[in-house]
1. Distance from a point 7 Å along Cα→Cβ of Arg17 to each backbone N in the range 52-81: keep the residues under 16 Å and list them by number.
2. Starting from the Cα of Asp50, step 7 Å along the direction of its Cβ; do the same at His65; then give the gap between the two resulting points in nm.
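Throughout, read-outs are computed from the coordinates displayed, never taken from laboratory work. On a predicted model such as this, the values are computed, not experimentally measured, just so you know. Note that each Cβ is placed from the backbone with ideal geometry, even for glycine, and that neighbours are counted across all protein chains shown.
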Amino acid sequence: MYEAHLLLSKLNVLFERSLGLPAPAPDADLFDGGLLDSLGFVGLLLQVQDEFGLKFTFEDMDLDHFRSVSGIASFIAGRLP
């Protein structure tokens, strides 16, 4: 199982390298802050699925799970074996 700081680190790298976005503060609102729009959100979902070997269901698409990097890390941690 990933530790929280490792998940945050991997997500920061994902934002910078895969999405071409600056690594946001862990609790910054990605949507209200303008870092993610609907297209960026889809890209993020695909990158997270690939990076962590996860598959998301329609129910998983709640934006609150993906509103911040710390929220994404918690969401991922809850789905990893």
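1. Within reach of a label on Arg17, which here means backbone N under 16 Å from a point 7 Å along Cα→Cβ, the range 52-81 contributes 52-53.
2. 2.0 nm
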